[in-house]
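Read the structure below first, then the notes.
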Amino acid sequence: QVQLVESGGGLVQAGGSLRLSCVASGNIFSINAMGWYRQAPGKQRELVATITSGGSTNYADSVKGRFTISRDNAKNTAYLQMNNLKPEDTAVYYCKANTGPIAYWGQGTQVTVSS
């Protein structure tokens, strides 16, 4: 079992920045890739960014150049630095951890970007 707790969401004006954190606990040694996903009202959950245990990253086209995913294995924490935020980035952001065939999700943190 892996537990994930996200934090760092909030209300920010367009052009502003936020940093999300995701702290993992439990069977952390089984975690390989971690990622951030988001779900806006009335829309499906979508991938934002992922990072493997080796540090390889992948981003959605909509956030490339603005968001940066990182991982501190010593702190069992994944981060999502979000710069130049846009109103369309408004969503609940979820952290995901993959442990082979099983995926774990956090409870989500709300990000609201005002125009």
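Before moving on, here are some points about what is shown:
- Screening A78 against (1) without any contact (Cβ under 8 Å) to a residue 12 or more places away in the chain; (2) open to solvent by less than 20 Å² (accessible area, probe 1.4 Å) leaves a single unmet condition, (1).
- Residue, most open to solvent (accessible area, probe 1.4 Å), within the range 101-115, restricted to residues that are of a type in the set (G, A, S) and more than 13 Å from Q1 (Cβ to Cβ): S115
- Positions within the range 81-100 being open to solvent by less than 60 Å² (accessible area, probe 1.4 Å) and either at pLDDT below 95 or basic (K, R) (or both), in sequence order: K96, N98, T99, G100
- Filtered residues of the range 6-18 (kept if assigned to a strand (DSSP E or B) and either in contact with a Ser or Thr (Cβ under 8 Å, 6 or more places away or on another chain) or surrounded by fewer than 14 Cβ atoms within 10 Å (Cβ to Cβ) (or both)): E6, S7, G10, L11, V12, Q13
For every residue, the table says whether it meets (1) over 15 Å from L85 (Cβ atoms); (2) charged (D, E, K, R); (3) touching a Pro at 6+ places or on another chain (Cβ under 6 Å).
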| residue | (1), (2), (3) |
| --- | --- |
| L20 | no, no, no |
| V23 | yes, no, no |
| F29 | yes, no, no |
| N32 | yes, no, no |
| Y37 | yes, no, no |
| L47 | yes, no, no |
| T50 | yes, no, no |
| T57 | yes, no, no |
| K64 | no, yes, no |
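- Top-ranked residue in the range 39-48 [being in a strand (DSSP E or B) and hydrophobic (A, V, I, L, M, F, W, C); ranked as least open to solvent (accessible area, probe 1.4 Å)]: V48
- Single residue of G35, G100, G108, G42 found to be at positive phi and under 12 Å from the mean Cα position of the chain (by Cα): G108
- Of everything listed in (1) at pLDDT 95 or above; (2) surrounded by 14 or more Cβ atoms within 10 Å (Cβ to Cβ), the single unmet condition for I28 is (1).
The values are calculated or read from the model by the stated rules, or taken from the named source; none is laboratory data. Keep in mind it's a predicted model, so treat the numbers as computed, not measured. Here Cβ is always computed from backbone atoms with ideal geometry, including for glycine, and neighbour counts include all displayed protein chains. The area values use the complete protein model at the heavy-atom level, side chains included, leaving out ligands, DNA and RNA. Shrake-Rupley method; radii C 1.70, N 1.55, O 1.52, S 1.80 Å.
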